[in-house]
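See below for the structure under consideration.
The values are calculated or read from the model by the stated rules, or taken from the named source; none is laboratory data. What you are looking at is a predicted structure, and each value in this text was computed from that prediction instead of being measured. Neighbour counts are summed over all protein chains in view; Cβ atoms, including those assigned to glycine, are modelled from backbone coordinates with ideal geometry. Surface areas here come from the heavy atoms of the whole protein model, side chains and all, with no ligands, DNA or RNA. Shrake-Rupley method; radii C 1.70, N 1.55, O 1.52, S 1.80 Å.
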Amino acid sequence: MTLADLIQYIKETHGLNVCSLFYGPAILYNGHEDRLKMSVSDVVKKVTKAEIPSHKKVLELIPSFDEDEDCETVPTIRYRLN
């Protein structure tokens with residue numbers, strides 16, 4: 001799944017617009033157009049400058065939504081790796 005696909009899925013499924021997306025302290029998306037066509041796992045590798053450990057099956061991503069200004073009610077996105 002590309003980063004654009006994930007953002008679109010969240011918008012269609014939950015009616016929320018992702019304005020930024022984090023993996024730990026790393027910023028995966030904050031308007032970075034060049035990253036939208038990359039797979040989510042490739043973006044994680046690019047920004048962390050490290051491979052994802054082979055035993056890791058789920059990435060916990062922290063979104064920020066246009067609709068939630070206080071960012072206190074934002075659930076973690078559990079992105080399953082294939």
Among the residues of the stretch 10-44, which ones are closer than 15 Å to ARG80 by Cα and modelled with pLDDT of 95 or more? TYR23, SER39, VAL40, SER41, ASP42, VAL43, VAL44
Suppose we filter the stretch 9-45 for residues that are of a type outside the set (Gly, Ala, Ser), surrounded by 15 or more Cβ atoms within 10 Å (Cβ to Cβ) and in a helix (DSSP H, G or I); how many remain? 5
Can you name the residue in the stretch 46-67 that is in contact (Cβ under 8 Å) with a residue 24 or more places away in the chain and in a loop (DSSP other than H, G, I, E, B) and is also least open to solvent (accessible area, probe 1.4 Å) among such residues? ILE52
